[in-house]
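Asks: Can you keep this structure in mind? I'll have questions shortly.
The values are calculated or read from the model by the stated rules, or taken from the named source; none is laboratory data. As the structure is a prediction and not an experimental result, all values here were calculated from the model. Cβ sites come from the backbone with ideal geometry, for glycine too, and all protein chains shown count toward neighbours.
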């Protein structure tokens with residue numbers, strides 16, 4: 001805030017925010033010029049402040065929800081991709097509200113184990129994210145990834161809007177050219193996402209010595225690093 005006042009004795013009192021600056025005495029022929037300059041500064045200040053605020057605006061993020069077998073594996077992969085801000089393991093695609101892990105394991109909820117990724121689209125595009133998705137699992141095995149068998153382990157993309165739907169369909173058609181068998185990945189709208197229990201979150205990073213991590217997830221990460229899908233130095 002800038003406030004210009006004419007003080008007694010032809011002094012100019014200039015208030016900027018909560019600070020006061022007094023200019024006195026001022027010769028009669030000069031105070032109008034100073035007043036004009038101060039008024040111009042008052043006009044420019046909002047513009048200058050607006051420019052400063054714009055540089056501090058938070059980065060835009062978007063979300064993607066995908067499933068490709070055990071969510072521990074998928075989470076570990078995408079946590080190591082530049083541009084990913086966070087990964088949450090959970091359930092989606094079914095009919096039961098707020099399911100537990102034990103319920104999903106029965107195969108009766110309709111839910112798949114999925115991850116919800118929050119990412120910076122300026123660094124990682126949705127198309128690139130889907131390319132990594134195809135590389136990170138086998139989309140040609142129905143309701144199965146390795147030794148994990150059941151509908152909860154199915155390959156699935158859950159889109160949040162029409163743009164994601166179109167991108168997912170186009171990406172699937174492109175990926176089909178690289179696989180000998182037919183891709184069975186579902187592409188369906190995201191109706192609800194339910195976060196899994198706390199002990200499932202960040203699982204690999206916290207349990208690298210667990211047998212499943214050692215014999216399933218670590219080899220997958222090493223393979224993806226060797227193929228250039230995951231950057232070097234992201235074990």
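Asks: Could you list, in sequence order, all residues of region 106-121 that are more than 19 Å from residue 202 (Cβ to Cβ) and under 10 Å from the mean Cα position of the chain (by Cα)?
Replies: Across region 106-121, the qualifying residues are 120, 121.
Asks: Moving on to the next point. Mind checking which residues of region 180-198 are under 19 Å from the mean Cα position of the chain (by Cα) and either assigned to a strand (DSSP E or B) or closer than 14 Å to residue 133 by Cα (or both)?
Replies: Answer for region 180-198, where residues must be under 19 Å from the mean Cα position of the chain (by Cα) and either assigned to a strand (DSSP E or B) or closer than 14 Å to residue 133 by Cα (or both): 189, 193, 194, 195.
Asks: Separate question: Does region 103-121 contain any residue that is free of Cβ contacts under 8 Å to residues at least 24 places away in the same chain and over 21 Å from residue 187 (Cα atoms)?
Replies: Within region 103-121, one or more residues are free of Cβ contacts under 8 Å to residues at least 24 places away in the same chain and over 21 Å from residue 187 (Cα atoms).
Table: residues versus (1) in the same structural domain as residue 204 (by TED's automatic domain parsing); (2) modelled with pLDDT of 95 or more; (3) in a strand (DSSP E or B); (4) more than 22 Å from residue 189 (Cα to Cα).
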position: 80; (1), (2), (3), (4): yes, yes, no, yes
position: 86; (1), (2), (3), (4): yes, yes, yes, no
position: 91; (1), (2), (3), (4): yes, yes, yes, no
position: 130; (1), (2), (3), (4): yes, yes, no, no
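Asks: Determine, yes or no, whether residue 212 is surrounded by 14 or more Cβ atoms within 10 Å (Cβ to Cβ) and either closer than 14 Å to residue 69 by Cβ or over 22 Å from the mean Cα position of the chain (by Cα) (or both).
Replies: yes
Asks: Would you check if there is a residue in region 169-188 being within 16 Å of residue 70 (Cα to Cα) and either surrounded by 18 or more Cβ atoms within 10 Å (Cβ to Cβ) or touching a helix residue (DSSP H, G or I) at 6+ places or on another chain (Cβ under 6 Å) (or both)?
Replies: Scanning region 169-188 turns up at least one residue that is within 16 Å of residue 70 (Cα to Cα) and either surrounded by 18 or more Cβ atoms within 10 Å (Cβ to Cβ) or touching a helix residue (DSSP H, G or I) at 6+ places or on another chain (Cβ under 6 Å) (or both).
Asks: Check region 171-179 and report whether any residue there is part of a helix (DSSP H, G or I) and closer than 19 Å to residue 103 by Cβ.
Replies: No: region 171-179 contains no residue that is part of a helix (DSSP H, G or I) and closer than 19 Å to residue 103 by Cβ.
Asks: Moving on to the next point. How about region 160-170: which of its residues are in contact (Cβ under 8 Å) with a residue 60 or more places away in the chain and not in a helix (DSSP H, G or I)?
Replies: Passing the criteria: only 160.
Asks: Does residue 155 count as surrounded by fewer than 15 Cβ atoms within 10 Å (Cβ to Cβ) and at pLDDT 95 or above?
Replies: no
Asks: Please tell me if residue 106 is farther than 23 Å from residue 161 by Cα and at pLDDT below 95.
Replies: The answer is no for residue 106.
Asks: Does region 223-234 include one or more residues that are surrounded by 12 or more Cβ atoms within 10 Å (Cβ to Cβ), under 27 Å from residue 99 (Cβ atoms) and in contact (Cβ under 8 Å) with a residue 12 or more places away in the chain?
Replies: No: region 223-234 contains no residue that is surrounded by 12 or more Cβ atoms within 10 Å (Cβ to Cβ), under 27 Å from residue 99 (Cβ atoms) and in contact (Cβ under 8 Å) with a residue 12 or more places away in the chain.
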